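Peer 1: Dumping the structure here so I can ask a few things about it.
The values are calculated or read from the model by the stated rules, or taken from the named source; none is laboratory data. The structure displayed is predicted, hence computed values, not measured ones. Glycine gets a Cβ as well: all are built from the backbone with ideal geometry, and neighbour counts include every protein chain shown.
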Amino acid sequence: MKYSIFLRNTSRDFCFFALSHRTNINLITKTVFTLLYVLIAMLITLIFLSIISPSEYSFHKPLLNEPLISPNYGNLDLTFSENAKLIRKGMTIYDLLIEENLPPDIIIRSIRAINNLKLKLILKPNLKYEFHRNDNVLSYLLIELTRDKYLILEFFPGKIVCTIQNIPTDIEYSVLSAEIRSSLFETLSSHGFSDSVAYELNSIFMWDIDFNTDIHNGDRFVIIFEKITGSSGKTSSRNILAARFILHGKTYDAIGFFNEKNYFYYYDLSGSNIKKQFLTSPIKFARVSSRFSHRRFHPILKVFRPHLGVDYSAPTGTPVLSTGNGKIIFKGWDKGGGGNTLKIRHPNDFVTLYMHLRKFSSNTTPNNEIKQGQVIGYVGTTGLATGPHLDYRMRQNGKYFNPLNLKNPSSGELSRHLHKYYKIHRDRLMKDIIKYTETDFYGIYLE
């Protein structure tokens, strides 16, 4: 009896002991696991540091008398050799460094040196970059950010230095004043200009001038531009500062000027942006083969019926542009003979139609927002068409009208506080525009 009472009391005391020390046991267990996690983390960190630690051949601890700044700093050869590569679309500086198979330590230090500039650097496609070496030792990386601005990454023992250098350029101002003979392209070509200048003029005046229908022999134009020549002697750009077209006695002027947000736009003489709500044409440099009419003989159906648009004849596959900002409201087959058709709704209840398309662009899903000048499709012969062309139509409040008669409102004006500066700038350029308007001239001009 006494023995059983002893066992019962002993068992009870042990349970009380276990319960009272349960908290301490849990605490000890947690502490052991925490220490274990810390040891594992330290081990992983040591392994990572051993991987990215400076490689022996690239960076070594600099001696006290070893310079960190090269004595040739600022006197580098800032020209590209035939081995220079072109930046591809979407490429980053990290991609450049990786493709060169540089060790991790150099890549990390290079990115850090670039970040020290605190600039958002975006590499532009088709510009150049090149790694320069001396006796097979990496010396510096030269990247063309713009035609007159380079990023330079110099590799020194123990340090990488990143700078942005402006390339010395010569700027001269020139005037071209000419009468159009045969075509704008041929007139420009006769003075040594490429087709790109004609396309640039089209992009400036495309809201007021339809370069497919409005330009004829005997019309005149004047361009004032700056020619920028780099240190290599190569002309990098010709920026149009001002231009004038005189078409059938009507004058169109464009003056380049920076607005309050530091964007470069072209303005008319009153300071209104010459950019309008709609482009004058959905195709660059196409021939108008049929005009708006309420009674036109259809070449396939052989009957007279309304033609409520303008036909632009162009080779199959020619890009078709949206003439204004808007939203796609129809994409599909037009049963009335229009073939592949796209309809876009614009502000103020305007709707534009693009018919006989060969195919649509990939971004033309119904309800998608479309920007002015965006490619939306390509010229074709779908539907009732005798040859490749675009049937372009416009309507407002449900009523079709002739797109060539559109009264196109301006997209905005300069801020009031900039008007006085714009007038000074405008008057200076217009003095030279007027001076050369009536005579053929090409050359440098001095104020």
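Peer 1: Can you tell which of Tyr140, Tyr129 is surrounded by 12 or more Cβ atoms within 10 Å (Cβ to Cβ), within 24 Å of the chain's Cα centre (by Cα) and among the hydroxyl-bearing types (Ser, Thr, Tyr)? Reasoning before the result, please.
Peer 2: Values: Tyr140 fails: within 24 Å of the chain's Cα centre (by Cα).
Exactly one of Tyr140, Tyr129 is surrounded by 12 or more Cβ atoms within 10 Å (Cβ to Cβ), within 24 Å of the chain's Cα centre (by Cα) and among the hydroxyl-bearing types (Ser, Thr, Tyr), namely Tyr129.
Peer 1: With in a loop (DSSP other than H, G, I, E, B) and farther than 30 Å from Tyr378 by Cα as the only criterion, which of Leu269, Leu301, Leu279 stands out?
Peer 2: Details: Leu301 fails: farther than 30 Å from Tyr378 by Cα; Leu279 fails: farther than 30 Å from Tyr378 by Cα.
Being in a loop (DSSP other than H, G, I, E, B) and farther than 30 Å from Tyr378 by Cα holds for just one of Leu269, Leu301, Leu279, which is Leu269.
Peer 1: Tally time: how many residues in region 339-359 are under 27 Å from the mean Cα position of the chain (by Cα) and not in a strand (DSSP E or B)?
Peer 2: Qualifying residue count for the region: 1.
Peer 1: Right, next: Cβ-Cβ below 7 Å, separation at least six or inter-chain, first residue in region 324-347 and not assigned by TED's automatic domain parsing to the domain that holds Gly377, second among the charged types (D, E, K, R): which pairs?
Peer 2: As it stands, the answer is none, since no pair meets every condition given.
Peer 1: Would you point out the residue of region 161-175, among those that are out of contact with any Leu (no Cβ under 8 Å at 6 or more places or on another chain) and within 17 Å of Leu241 (Cβ to Cβ), that is modelled with the lowest pLDDT? Spell out how you get there, then give the answer.
Peer 2: Of the residues in region 161-175, the ones out of contact with any Leu (no Cβ under 8 Å at 6 or more places or on another chain) are 166, 168-172, 174-175.
After this cut, where a residue has to be within 17 Å of Leu241 (Cβ to Cβ) as well, the list is 169-172, 174-175.
Values: Thr169: 65, Asp170: 68, Ile171: 73, Glu172: 79, Ser174: 87, Val175: 91.
The selected residue is Thr169.
Listed here are the residues, each with its yes/no results for (1) over 14 Å from Tyr392 (Cβ atoms); (2) in a strand (DSSP E or B).
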site: Pro306; (1), (2): yes, yes
site: Tyr312; (1), (2): no, yes
site: Pro315; (1), (2): yes, no
site: Val320; (1), (2): no, yes
site: Thr323; (1), (2): no, no
site: Lys327; (1), (2): yes, yes
site: Trp333; (1), (2): yes, yes
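Peer 1: Would you confirm whether or not region 405-419 contains a residue that is without any contact (Cβ under 8 Å) to a residue 24 or more places away in the chain and assigned to a loop (DSSP other than H, G, I, E, B)?
Peer 2: yes
Peer 1: Quick one: in region 361-387, which of the residues that are surrounded by fewer than 16 Cβ atoms within 10 Å (Cβ to Cβ) and free of Cβ contacts under 8 Å to residues at least 24 places away in the same chain is farthest from His346 (Cα to Cα)?
Peer 2: Ser362
Peer 1: Where in region 93-211 are there strands (runs of 3 or more DSSP E), lying wholly inside it, with at least 1 residues that are touching a Pro at 6+ places or on another chain (Cβ under 9 Å)?
Peer 2: Working: elements: 128-134, 137-146, 149-156, 159-166, 170-179.
So the answer is 149-156, 159-166.
Peer 1: Would you mind stating whether Lys399 is surrounded by fewer than 17 Cβ atoms within 10 Å (Cβ to Cβ) and either assigned by TED's automatic domain parsing to the domain that holds Met206 or over 22 Å from the mean Cα position of the chain (by Cα) (or both)? Lay out the reasoning, then the answer.
Peer 2: Numbers: surrounded by fewer than 17 Cβ atoms within 10 Å (Cβ to Cβ): yes; either assigned by TED's automatic domain parsing to the domain that holds Met206 or over 22 Å from the mean Cα position of the chain (by Cα) (or both): yes.
Spelling it out, Lys399 is indeed surrounded by fewer than 17 Cβ atoms within 10 Å (Cβ to Cβ) and either assigned by TED's automatic domain parsing to the domain that holds Met206 or over 22 Å from the mean Cα position of the chain (by Cα) (or both).
Peer 1: Every residue in region 338-360 that is among the polar types (S, T, N, Q) and buried (at least 18 other Cβ atoms within 10 Å of the Cβ), please. Outline the logic, then answer.
Peer 2: Taking region 338-360 and keeping what is among the polar types (S, T, N, Q), we get 340-341, 348, 352.
Selection gives Asn340, Thr341, Thr352.
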